[in-house]
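*Asks:* Would you mind keeping the following structure in view while I ask a few things?
Taken together, the values in this text are just the output of simple stated rules run on the coordinates, not laboratory data. Values in this document were obtained by computation on a predicted structure and should not be read as measured data. Cβ atoms come from the backbone with ideal geometry, glycine included; neighbour counts cover every protein chain shown.
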Amino acid sequence: MTARTALIVEDEAMIAELVATMLESDGITATICPSVAEAMRQLEARPCALALVDLTLPDGDPDAFIAAARARGSHVIVMSGDPDRLAGYAPCPCWKNPSA
């Protein structure tokens, strides 16, 4: 796995392109996947260091992809405009409270 690779799993092209541009400006190779199926194909072909995943995709729930990415050692960041959907995901255990 290349340490500077990311999959952007997002069906809204404008958002996906914006995120890809931001990552690529920092030297990260970004691949956009507009569906869960495409993301699974890409992950099987070339694991990534980071996956940014929209939780509301046209071809279904991305939970299986998220589990597969984590099993391959990828860091996963979930994104959604639906706060109820985001509430199902706990913060990353690596986050630390700076005041603690």
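*Asks:* Amide H neighbours of residue 77 under 5 Å, at least 5 residues apart or on other chains, H built in the peptide plane: list them.
*Replies:* 51, 52, 53
*Asks:* Same structure again: How big is D for the stretch 5-82, in µm² s⁻¹ as a whole number, if Stokes-Einstein is applied with the Kirkwood radius of its Cα pairs at 37 °C and 0.692 mPa s?
*Replies:* 272 µm²/s
*Asks:* Oh, and also: Please order 79, 14 by the number of other Cβ within 10 Å, starting at the fewest.
*Replies:* Going from least to most buried by this count: 14, 79.
*Asks:* Then there is this: With r defined as the distance between the Cβ atoms of residue 67 and residue 87 and R0 fixed at 25 Å, what FRET efficiency is calculated, to the nearest 0.05?
*Replies:* 0.85
*Asks:* Modelled label-to-label distance, residue 21 and residue 59, 7 Å Cα→beta-carbon offset: nm?
*Replies:* 2.7 nm
*Asks:* Continuing with this model, one more query. List the residues of the stretch 19-45 whose backbone N lies under 16 Å from a point placed 7 Å from the Cα of residue 77 along the Cα-to-Cβ direction.
*Replies:* Under cut-off, by backbone N: 19-33.
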